[in-house]
Amino acid sequence: MNASALPPARSTALSRLASESFDLLVVGGGIVGSGVARDAALRGLRVALVDQQDFAAGTSSRSTRLLHGGLRYLAQGEIGLVREASLEKKILHRIAPHLGQPLGFVFPAYRGEGPPLWQLRIGVKLYDLLCGGGNFEPSRGFSRDQTRALLPGLKADGLRGAVRYFDALTNDARLVLDTLRSAARHGAVLANHTRLTGANPVADGWECQLTPNDPSEAPFTLRARTLINATGPWADRMPHSSVQLRLTKGVHLVVDRHRLPVPDAVVVTEGKRILFVIPWGERVILGTTDTDYAGDPAAVATEPADIAYILRSVNEFFPTAALVPGDIISTWAGLRPLVANPDGSPSDISRAHEIRSPRPGWWDITGGKLTTYRLMAEQAVDAVARHLGRPPAPCRTALEPLLEPGAGTDGSGTLPGPCTRTAVAHQVRAEWACHLADVVVRRGGWCYYERDFAARLPEIAAWMGEVVGWDAARREREIADCRAELGWSAA
């Protein structure tokens, strides 16, 4: 690829990374890394961020798309964790209202299975209190008849009633991108598709070797006084890392909402596991699974057994839906980078996060979840500032809106916006999209929402090629690579 085929501003960013020195290098452009970069930039630090793939290409575009406190963790006694996440979801709704759509969750209670109704009623009231005294809307209970009127297709046998509580729907990849846009607006220098290939401690910090994925872009050395490893499922593979991870896989399916017309999200139980049925515009998201994963983090995929498990569980609670694999519009699979128990045991893995410094000037930040990314970033940047001997600067990320006043959302929000030539050009020029999959999968998300979207790839590749100067051969390669990333056949 020649210089004319580079997205605008990428060559400038790479040049700055190679020629300037930084207070902090963040490795990993998912939700945690982006939050760290934004926080540090807002505090006046010179910040660089790189990711070996696209921004949000890992877990941060493959979640359940929820901002939530984690009602089920109350039963595990994790009250502090629930309060922490509950407060954070309210903060995120305040600083990014376009990415925090309040959503009701109906949790049915059945005789002899799952939590009893009395326990759920107490639990949701406590959940409201842990949100700082008030959730998006107050929780409430439903009788058996009220539940059946609200959800006519719900299994009636053994139904005792239900409760409804509130969390929020988000667009996980868009949350990352808007956070990075804020970081860049405050001076952070960002580059995706750029790998850290080495990091050596030097007298004043770290000398880091970085290699862009495109062979036409030369490797370079970056100097930074501190480094944060925010690479999620890859964190234990980084040099100098002290991380011990337990990866679990989560799979999600998307079907038409007319096949499962729910007015609110619905919580269904399968043994000790919980699955969600989440309304998403004209679609419904079904998921998630929770199974151990030991393979390559880049190769995580939806398997037939995952599909069978989700459909079986949902059909048990909505027998008239009778969903079959042919109803599925799209799927995605992601990994939760949980902090492993020190003794290696698999039981009771917490969603709490950890920030460790195995060497002076290096921090590993792991665990946690999408909802708590801002708090994780605040604590990590606090540690960096102390190490640098900077005068204490208050964290501003809980107060500063994610977007500039009056900036709009560029068609973003919790649902994919229209796929247009203008939208694609914006994502290339202003949002670091280098490849077709960067646009289709993460910035637009249209591939998950629109049925038979594969037929549109040539058109979108042509639009993107107009901006970066792709020839016909390059467009075909991009289409093939995008299909491969999504697991689509070439037929």
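Tabulated data for the structure shown
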quantity	calculated
Test result for residue 24, at pLDDT 95 or above, under 27 Å from residue 336 (Cβ atoms) and outside any helix (DSSP H, G or I)	yes
Residue in region 272-302 that is farthest from residue 114 (Cα to Cα), counting only those that are free of Cβ contacts under 8 Å to residues at least 12 places away in the same chain and assigned to a loop (DSSP other than H, G, I, E, B)	296
Residue count for region 398-412, restricted to those that are modelled with pLDDT under 95 and within 14 Å of residue 94 (Cα to Cα)	3
Flag for residue 470 being among the aromatic types (Phe, Trp, Tyr), in contact (Cβ under 8 Å) with a residue 60 or more places away in the chain and more than 20 Å from residue 62 (Cα to Cα)	yes
Residue 331, sole failed condition from (1) in contact (Cβ under 8 Å) with a residue 12 or more places away in the chain; (2) within 26 Å of residue 158 (Cα to Cα); (3) not in a loop (DSSP other than H, G, I, E, B)	(2)
Criterion: of a type in the set (Phe, Trp, Tyr), closer than 26 Å to residue 326 by Cβ and free of Cβ contacts under 8 Å to residues at least 60 places away in the same chain - qualifying residue of 463, 446	446
Leading residue by the ranking (nearest to residue 429 (Cα to Cα)) among those in region 139-193 that are buried (at least 21 other Cβ atoms within 10 Å of the Cβ) and of a type in the set (Asp, Glu)	178
Those residues of region 417-449 which are small (Gly, Ala, Ser), part of a helix (DSSP H, G or I) and closer than 12 Å to residue 468 by Cβ, in sequence order	425
Residue 50 vs. criteria within 30 Å of residue 473 (Cα to Cα) and buried (at least 24 other Cβ atoms within 10 Å of the Cβ)	yes
Residue check for residue 236: surrounded by fewer than 22 Cβ atoms within 10 Å (Cβ to Cβ), of a type outside the set (S, T, N, Q) and under 23 Å from residue 142 (Cα atoms)	no
Close pairs (7 angstrom Cβ cut-off, 6 or more residues apart or separate chains): more than 24 Å from residue 283 (Cβ to Cβ) in region 55-82, assigned to a loop (DSSP other than H, G, I, E, B) and among the aliphatic types (A, V, I, L, M) anywhere	81/352
Residue that is farthest from the chain's Cα centre (by Cα) [pool: residues in region 194-210 that are surrounded by fewer than 18 Cβ atoms within 10 Å (Cβ to Cβ) and polar (S, T, N, Q)]	200
Segments classed as strands (runs of 3 or more DSSP E), wholly inside region 212-270, with at least 2 members that are at pLDDT 95 or above and charged (D, E, K, R)	220-229, 245-256
Residues (within 15 Å of residue 321 (Cβ to Cβ) and either in contact with a His (Cβ under 7 Å, 6 or more places away or on another chain) or surrounded by 18 or more Cβ atoms within 10 Å (Cβ to Cβ) (or both)) located in region 240-275	253, 254, 255, 260, 262, 266, 268, 275
Filtered residues of region 352-390 (kept if among the basic types (Lys, Arg) and free of Cβ contacts under 8 Å to residues at least 60 places away in the same chain)	386
Flag for residue 279 being under 24 Å from the mean Cα position of the chain (by Cα), within 17 Å of residue 152 (Cα to Cα) and surrounded by fewer than 20 Cβ atoms within 10 Å (Cβ to Cβ)	yes
Residue count for region 466-482, restricted to those that are more than 28 Å from the chain's Cα centre (by Cα), surrounded by fewer than 18 Cβ atoms within 10 Å (Cβ to Cβ) and either closer than 10 Å to residue 435 by Cβ or of a type outside the set (A, V, I, L, M) (or both)	5
Residue identified as assigned by TED's automatic domain parsing to the domain that holds residue 197, more than 30 Å from residue 301 (Cα to Cα) and not in a loop (DSSP other than H, G, I, E, B) among 41, 37, 75	41
Condition broken by residue 437, with the remaining ones in (1) crowded, with 20+ Cβ neighbours inside 10 Å; (2) more than 20 Å from the chain's Cα centre (by Cα); (3) touching a residue at least 40 places away in the same chain (Cβ under 8 Å) satisfied	(2)
Given (1) modelled with pLDDT of 95 or more; (2) surrounded by fewer than 16 Cβ atoms within 10 Å (Cβ to Cβ), number of the condition residue 395 does not satisfy	(2)
Of residues in region 305-320 being in contact (Cβ under 8 Å) with a residue 12 or more places away in the chain and not aliphatic (A, V, I, L, M), the one surrounded by the fewest Cβ atoms within 10 Å (Cβ to Cβ)	320
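The values are calculated or read from the model by the stated rules, or taken from the named source; none is laboratory data. On a predicted model such as this, the values are computed, not experimentally measured, just so you know. Note that each Cβ is placed from the backbone with ideal geometry, even for glycine, and that neighbours are counted across all protein chains shown.
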